[in-house]
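Structure record follows, encoded as structure tokens.
Taken together, the values in this text are just the output of simple stated rules run on the coordinates, not laboratory data. Everything numeric in this text was worked out from a predicted model, so none of it was measured. Note that we place each Cβ from the backbone using ideal geometry, even for glycine, and neighbour counts take in every protein chain shown.
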Amino acid sequence: MDSTYLQLRDAIRRYVEKEIVPNAAPWEEQGFVPREVLREMGSLGFLGLRYPEEFGGSALDARATALLAEELGRSSFGGFAITVLVHTDMASPHLMNAGSASQKERYLRQVISGEKITAVAVTEPDAGSDVKGIRTRAAREGNHYVLNGSKMFITNGVHADLYFVAAKTDPSAGSKGVTMFIVEKGTPGFSVARPLDKHGWRSSDTAELVFDNCRVPAENVLGEEGRGFYAIMKNFQNERIAIGAMAIGESAKALELTLDYVKTRKAFGAPLWDKQAVRQRLAMLAAKVEAGRQLVWHAAALDAEGRDCVREVSMVKAYCGELVNEVMYDCLQFHGGMGYMRESPIERMTRDARVQSIGGGATEVMLEEVAKRL
């Protein structure tokens, strides 16, 4: 890791430890991260790590995504981490990758500064990993498209300003009939149906969205009509690196907390750390976490070199999504009854981790992608 990335890691870690960890607990209760936090992160340059300098970014590569995601995961607040990462690495890349010059000029600086928060709206009640199965329609009427349909499980869905929405412009064309649109908050016919009450990631606002004859200007087509499916597939690589790295950060933090606990918690007259079974299990988990970190970094490096890394990225998502749940299970176990209490960070982290083998591509889907390339 060269000095640029080491300095970046240290800067993000200092910020998280000073500004996030002491303040994030109330966000779990209110159900969202305050906008001021994203604006502050924008002012520090953390929201535009991979975007061009001309728009206020740092022009780095996928390794920056991995660093940011791991350090946010180390905060122990998964809802905070995913709020930021959806904005930086899952939603706004659609604008960067497919947006026209005028669209970037209009929106990108405010996205990088944190003035405008973004969300990506692909998933529907009946279509998650199967993107081709979406039912939201977009019909051309003069200089507008009229959108009708709904989206489900949309992170940043309540508080976003810009939504990158997938809809079918040609339902008979399968994957070639999907188009992406920029929809601004306040567009007539677009509404947040309801915020969703989740098992974990409590400080991440998540919503169901409804499009009821929502008229979107034709100039808000993101990229080419009929090319939305390919844009979504392309960005999945970035998204899965981010989720995998976030899982590694969470796992590393859980091990750190658990090591502190077992070295001080006594049972049968001695610290839990003195039990061979406990310390060897933690040693094995530490080895797995380090293996996962190296896999994430390898996939990010391949991406940075412009090489095909679908296999490696799918491995990252499958391995790290399962690993973080394995780590949390054992770390909670070693905390005993205290691990089951809401006052324990491990209890929250265990709930937060569960979705990481589901969101962004379920483990089973990822393993099929790997299997195709064996």
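Points to keep in mind about this one:
- Legend: distances between Cα atoms for Lys116/Lys317; Lys18/Lys151; Lys185/Lys253; Lys266/Lys317; Lys132/Lys372; Lys104/Lys198; pairs beyond 30 Å are Lys18/Lys151; Lys185/Lys253; Lys266/Lys317; Lys104/Lys198.
- Placing unit charges on the Cβ atoms only, positive for Lys and Arg and negative for Asp and Glu, gives the chain a dipole magnitude near 460 debye about its Cα centre.
- Cβ-Cβ FRET estimate between Glu224 and Ala193, R0 fixed at 25 Å, reported to 0.05: 0.25
- 0 to 90° range, to nearest 10: angle between helix 363-372 axis and the chain longest Cα axis: 80 degrees
- Gyration tensor (alpha-carbon) shape descriptor, region 24-153, a/c threshold 1.5: oblate
- When region 229-372 is reduced to its Cα atoms, the Kirkwood hydrodynamic radius in Å: 16.0 Å
- Correct option for Rg and Dmax of the Cα atoms in Å [calculated from the coordinates] among (1) 24.5, 78; (2) 23.7, 84; (3) 20.8, 79: (3)
- Measuring r between the beta carbons of His144 and Gln333 and using R0 = 35 Å, the FRET efficiency lands at 0.05.
- Helix axis angle, 3-15 relative to the chain longest principal axis, alpha carbon, degrees: 80 degrees
- Here the calculated FRET efficiency for His298 and Gln276, from their Cβ-Cβ distance with R0 = 35 Å, stands at 0.60, rounded to the nearest 0.05.
- Cα principal axis extents for region 44-113, largest first, Å: 39, 20, 19
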